[in-house]
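To start, the structure under review is shown below, and the notes come after it.
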Amino acid sequence: MILSGLEIKRRLGQDIIIEPFNIKQLNPNSYNLMLYNELLIYSADRIMDMKKNNSTESISIPDEGIVLQPNKLYLGRTVEYTETQNLVPMLEGRSSVGRLGVFVHVTAGFGDVGFCGYWTLEIFCVQPIKIYPHIEICQLYFHTIQGDFEKYSNGKYQNNNGIQASMLYEDFNREQIK
């Protein structure tokens, strides 16, 4: 079951934390999240390797905007910090953004119950487009969970403070230790 906007509001400060929270960003069954003023890109002219920590470069998004190029992955993050205690948070791009050919999360819109942190956004566009900081770029909604569960508490992306590039290489390192 997906929570209504009124239920999201009722649970704020309890099992849902959204900081900062703005009532104007609340929808009938979701909450709009804004784009922070920084992006990461993977370093140019390199083949990425899943087993390695691939280097990144930071790009600031000025108030006057920045043009994203097609066929390039940009990692961003939300302005808002979120926490959920007994709900499954889900992230989707806003339809108004998608209709401009901008994909906000290429594959990772599914959060874990207990996730705490900022959402890293996997941004990809089909044609050049100018984006701006602090636009409402995506929406967060919450599913209830049934049955016993183990809360996500120590994963590699938990309690993050910024944009996080892939840490898949840690999975390969963990396999080598076994």
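The values are calculated or read from the model by the stated rules, or taken from the named source; none is laboratory data. Keep in mind the model is a prediction, meaning the values are calculated, not measured. A quick note on method: Cβ atoms are made from the backbone with ideal geometry, for glycine too, and the neighbour counts reach across all protein chains shown. SASA here: full protein model, heavy atoms, side chains in, ligands and nucleic acids out. Shrake-Rupley method; radii C 1.70, N 1.55, O 1.52, S 1.80 Å.
Points to keep in mind about this one:
- Residues (in contact (Cβ under 8 Å) with a residue 12 or more places away in the chain and among the hydrophobic types (A, V, I, L, M, F, W, C)) located in region 1-20: Met1, Ile2, Leu3, Ile8, Ile16, Ile17, Ile18
- Against the conditions (1) within 14 Å of the chain's Cα centre (by Cα); (2) surrounded by fewer than 14 Cβ atoms within 10 Å (Cβ to Cβ); (3) modelled with pLDDT of 95 or more, Ala108 satisfies every one except (3).
- A search for C-beta distances below 6 Å between a residue of region 160-178 that is closer than 22 Å to Gly111 by Cα and any residue that is at pLDDT below 80 and not β-branched (Val, Ile, Thr), counting only pairs 6+ apart in sequence or on different chains, returns Gln164/Tyr157; Met167/Lys156; Glu170/Lys156.
- Within region 10-25, the residues that satisfy the criterion of being within 18 Å of the chain's Cα centre (by Cα) and either assigned to a helix (DSSP H, G or I) or surrounded by 18 or more Cβ atoms within 10 Å (Cβ to Cβ) (or both) are Ile16, Ile18, Gln25.
- Listed by first and then second residue, the pairs linking a residue in region 64-89 that is within 12 Å of Ile41 (Cα to Cα) to a residue that is at pLDDT below 95 and in a loop (DSSP other than H, G, I, E, B), with Cβ atoms under 7 Å apart and 6 or more places separating them unless they lie on different chains, are Leu75/Ile163; Leu75/Ala165; Gly76/Ile163.
- If the condition is being at pLDDT 75 or above, open to solvent by less than 60 Å² (accessible area, probe 1.4 Å) and not β-branched (Val, Ile, Thr), then region 150-165 contributes Asn160, Gly162, Gln164, Ala165.
- Residue in region 30-43 that is of a type outside the set (Phe, Trp, Tyr), surrounded by fewer than 12 Cβ atoms within 10 Å (Cβ to Cβ) and out of contact with any strand residue (DSSP E or B) (no Cβ under 7 Å at 6 or more places or on another chain) present: no
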